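Beneath this line is the structure, given in C-alpha cells, with notes to follow.
The values are calculated or read from the model by the stated rules, or taken from the named source; none is laboratory data. Nothing here was measured: the structure is a model prediction, and the numbers come from that model. Glycine gets a Cβ as well: all are built from the backbone with ideal geometry, and neighbour counts include every protein chain shown. The protein model used for the area step is the full one, side chains on, heavy atoms only, and it has no ligands, DNA or RNA in it. Shrake-Rupley method; radii C 1.70, N 1.55, O 1.52, S 1.80 Å.
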Amino acid sequence: MATRILTGIKPTGQLTLGNYIGVLKHLKEETNRGECFYFIADLHALTMPIDPEVLKQNTIDLACFYLASGIDPKKVTLFVQSSVSAHAELNAIMQNYLYMGELSRMTQFKDKSSKMKESAIGLGLFSYPVLMACDIVLYDANIIPVGEDQVQHVELTRDLVNRINNKYGNVLVMPKAEMRKVGARIMSLSDPTKKMSKSDPKGDIFLKDDLAVIRKKIMSAVTDSGSEVKYDIENKPGISNLLTIYAALKDISIEEAENQFKDSRYGDFKKAVADVVCDELGAFQKKYQEILESKAYVKVLEEGKEKASAIANQTLNRIKDAIGLLKV
Ligand code: ATP
Ligand code: MG
C-alpha cells in the first residue's frame with residue numbers, strides 16, 4: 001500500500017520551538033518517504049476562544065512556516081482544513097461512532113477544560129478527537145507524525161477505524177502515530193514539568209522571537225540544583241529539557257549531548273544551547289520572511305485545496321456508501 005503521511009498544526013497562537021522540533025523540522029525529509037498532506041487545522045483552533053483577526057493572521061503565518069521548513073510545494077498537498085468541506089461533513093458522520101466515555105478520558109480535554117469554567121467549555125473541545133480522526137482517515141493516511149501529546153488521539157482514531165471496519169467491511173485505512181526519538185515533548189523553559197504550548201505561552205520560545213530574546217530566554221531558563229549537566233527527568237527536568245533541545249537540533253542522541261557537556265558548567269552549557277537554537281531559527285526566520293513578503297503561500301493553498309478536496313471527497317463517498325447514506 002502507498003505511504004501517505006499526514007500532519008496538522010492548529011493556528012491557535014505563535015508557533016513554538018516545541019512545534020518546530022516535534023514536527024516542522026522533519027517535514028522535508030518526510031517527503032522522500034511517501035505522499036505528504038500537511039494542513040492548517042483552523043477548525044480545531046475554534047475549540048478555544050480566539051479573535052477572528054488573530055486566527056486569520058496565525059493561519060497565514062503557519063502557511064509561511066510550513067513552506068519555510070523547506071518542503072517543495074509540488075511534492076506535498078498543503079491546505080487549510082476549513083477549505084475542504086469534507087472534514088466537517090465526515091465529522092457529522094463519525095461523531096456517532098466515538099463515545100462519551102472514551103472522549104472524556106482524553107488528556108488534552110482534561111488539561112484544557114480544567115482551566116475553564118464549565119459554562120465556557122464548547123462541545124467542540126470535547127469532540128476534538130472526532131474531527132481529528134476525520135482529518136486522518138479522509139486521506140487514507142497511514143503515518144501520522146506528531147508530538148507525544150497527540151499520540152492518544154491517534155490511538156483513538158485507530159479504535160474508530162477498527163470499529164468502522166468491523167461493522168462495514170474494510171472502509172478505512174489504519175493510521176499509526178510516529179514520534180521523534182528525541183524531542184517528542186519539549187517542555188516550558190520556566191516550568192520544565194509542563195509542555196511548551198502555543199496556547200499557554202509561559203516559558204515558550206516562539207519561532208518569531210528576536211534572536212536576542214531567544215538567547216535571553218535560554219540563558220534564564222529554570223535549571224535545577226546541582227552543577228552536573230546530566231539527563232535526569234525526575235531530578236533535573238530543566239537541564240534534561242535543554243539537553244533534549246540541543247540533541248534534537250544537532251540530530252544526535254541524548255547520550256552524545258550529555259557527553260559533550262560532561263565537564264561544562266550550567267552557564268557554558270546554556271550558551272551552547274542558545275547558539276544552536278539561534279543558528280537554526282535565524283535561518284528559518286529568513287525563509288519565513290521571504291515567503292510572507294512574496295505571498296507565495298496564496299497559490300500553494302489554493303492548489304492544496306483542490307488536490308485535498310478531490311481525494312477527501314472520494315473517501316467521503318466511499319464511507320457514505322458503506323454506512324448506507326443513499327447517493328442521490
Ligand atoms: P495548543 O496549545 O493550541 O494545543 P500546541 O503548541 O500544543 O498548541 P498543536 O497545534 O496542538 O500545538 O500541535 C501541533 C503539533 O506540534 C502536534 O503534532 C503536537 O504534538 C506537536 N507539539 C506541540 N507541542 C509540542 C512540544 N512541546 N514538543 C514537541 N511537539 C509538540
Ligand atoms: Mg496541542
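On a C-alpha basis, how far is the centre of segment 286-328 from the centre of segment 57-91 in Å? Whole number, if you could? Cα centroid of segment 286-328 versus Cα centroid of segment 57-91: 8 Å apart.
For ASP140, what is the net charge nearby, where nearby means another residue's Cβ is under 10 Å from its Cβ and Lys, Arg count +1, Asp, Glu -1? Once all neighbours under 10 Å are counted, the net charge is +1.
Applying both filters, DSSP loop and at most 13 other Cβ atoms within 10 Å, to the trypsin sites (Lys or Arg not before Pro) of segment 26-74 gives ARG33, LYS74. Quick one: helix 237-250 against the long Cα principal axis of the chain, what's the angle to the nearest 10°, folded into 0 to 90? The answer is roughly 70 degrees. Can you give me the angle between helix 151-168 and the longest principal axis of the chain, using Cα atoms only, in degrees from 0 to 90, rounded to the nearest 10? Once rounded, one gets 20 degrees.
Straight-line cross-link reach from LYS194 at under 20 Å between alpha-carbon atoms covers these aspartates and glutamates, not counting any fewer than eight positions away in the same chain: ASP111, GLU148, ASP149, ASP204, ASP224, ASP232, GLU234. Using Cβ point charges alone (K and R +1, D and E -1), the dipole size of segment 105-249 about the Cα centre works out to roughly 140 debye. Charge tally around GLN260: other residues with Cβ under 15 Å, Lys/Arg +1 each, Asp/Glu -1 each, net -2. Rolling a 1.4 Å probe over the protein heavy atoms gives the chain an accessible area of 48 Å² per residue. For segment 1-90, carbon and sulfur atoms together expose 54% of the accessible surface, with a 1.4 angstrom probe and every protein chain in place. Would you mind checking the tilt of helix 128-137 against the longest principal axis of the Cα atoms of the chain, expressed as 0 to 90 degrees and rounded to 10? Roughly 70 degrees, rounded to the nearest 10.
Counting 0.36 nm for each residue step from SER220 to ILE93 and taking away their Cα separation leaves a gain of 40.8 nm. With both residues required to sit in the chain, DSSP beta bridges show an antiparallel share near 20%. Could you sort out which of LYS198/LYS270; LYS117/LYS181; LYS56/LYS181; LYS195/LYS236 sit more than 27 Å apart by Cα distance in this structure? Listed pairs above 27 Å: LYS117/LYS181; LYS56/LYS181. Rounded, prolate or oblate: which fits segment 157-244 when a ≥ b ≥ c are the square roots of the eigenvalues of the alpha-carbon gyration tensor, with rounded for a/c under 1.5 and prolate only if a/b beats b/c? Judged from the Cα gyration tensor, segment 157-244 comes out prolate (a/c at least 1.5, a/b above b/c). Counting Lys and Arg as +1 and Asp and Glu as -1 over every other residue whose Cβ lies under 15 Å from the Cβ of ILE93, the net charge comes to +2. Charged side chains reduced to their Cβ positions (Lys and Arg at +1, Asp and Glu at -1) give the chain a dipole of some 400 debye around its Cα centre. Farthest towards the positive end of the charge dipole of the chain, among the residues LEU78, ILE323, SER119, is the Cα of ILE323, using unit charges on the Cβ of Lys, Arg, Asp and Glu. Ordering GLN150, ASN91, TYR168 by the projection of their Cα atoms onto the charge dipole of segment 72-171, which places +1 on the Cβ of Lys and Arg and -1 on the Cβ of Asp and Glu, puts ASN91 at the extreme positive end.
Dividing the helix sum by the residues of the chain, where each DSSP H run of 4 or more adds -39500 (n - 2.57), gives a mean residue ellipticity at 222 nm of -16000 deg cm²/dmol. In this simple spin-label approximation, SER199 and ARG33 carry label points 7 Å from Cα along the Cα→Cβ vector, and these lie 2.6 nm apart. Peptides 137-144, 226-233, 37-44, ordered by how many other C-beta atoms sit within 10 Å of their residues on average, highest first, read 37-44, 137-144, 226-233.
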